[in-house]
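Below is one structure; the comments refer to it alone.
The values are calculated or read from the model by the stated rules, or taken from the named source; none is laboratory data. Note that this is a predicted model, so its numbers are computed, not measured. In this analysis, Cβ positions are derived from the backbone assuming ideal geometry, glycine residues included, and neighbour counts consider all displayed protein chains. Quick note on the areas: whole protein, heavy atoms, side chains included, nothing else; ligands and nucleic acids left out. Shrake-Rupley method; radii C 1.70, N 1.55, O 1.52, S 1.80 Å.
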Amino acid sequence: MEILSIIFFRFIADWMAYLLFIPCTITYLLFAWDKHLAHYEKSRVPEFVLIMMSFLFGAFGALCAMVFFNHKTKHMLFAVTVPILVFLQLGLIVVIMRYLA
């Protein structure tokens, strides 16, 4: 029975990795694309889309893009919301992993 719980925990851990990797990557690329569009003064990605992608487990990718591209760092909405979402999402992951362990 213990081997089944180990296999189940490993499956959930892999699933959690994908749950984080895909939205973070998409959010990072959206921020990069928005920075590119801003540079060329084209139509931009709406801020609502950027915040919602951050909310949907993409906060770490948003924070990395904000730092790497120096993008949206002066907007209080992003400067406050994204770091808070990172901590909330990390806390949720810790709670889920402890519950499953």
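Using the crude model of +1 on Lys and Arg Cβ and -1 on Asp and Glu Cβ, and no other charge, please compute the dipole size for the chain relative to its Cα centre, in debye to 20.
Details: 7 positive and 5 negative charges, 45 e Å.
My answer is approximately 220 debye.
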Tilt relative to the chain, helix 76-100 - C-alpha long axis, 0 to 90 degrees, to 10: 10 degrees
Accessible surface of the stretch 1-62, 1.4 Å probe, proportion on carbon and sulfur as whole %: 75 percent
Extension gain (nm, one decimal) between residue 76 and residue 3, 0.36 nm per residue minus Cα-Cα: 21.4 nm
Sequence of 40, 99 from largest to smallest accessible area, 1.4 Å probe: 99, 40
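Excluding ligands, DNA and RNA, what is the solvent-accessible area per residue of the stretch 1-63 at a probe of 1.4 Å, expressed in Å²?
Working: 4510 Å² over 63 residues.
Accessible surface, normalised per residue, equals 72 Å².
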Helix 2-39 vs. the chain, principal-axis angle (Cα, 0 to 90°, nearest 10): 0 degrees
Mean projection area, nm², convex hull over Cα of the chain: 6.6 nm²
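Please list 10, 98, 44 in order of solvent-accessible area, largest first, computed with a 1.4 Å probe with all protein chains present.
On the way: 10 150, 98 185, 44 105 Å².
Accessible-area ranking of 10, 98, 44, largest first: 98, 10, 44.
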Helix axis angle, 59-69 relative to the chain longest principal axis, alpha carbon, degrees: 40 degrees
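Restricting to DSSP H runs of at least four residues, report the calculated mean residue ellipticity at 222 nm for the chain, -39500 (n - 2.57) per run over all residues, nearest 500 deg cm²/dmol.
Details: 4 runs with 81 residues, N = 101.
When only DSSP H runs of four or more count, the value is -27500 deg cm²/dmol.
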Between the stretch 4-26 and the stretch 74-101, the alpha-carbon center distance in angstrom: 17 Å
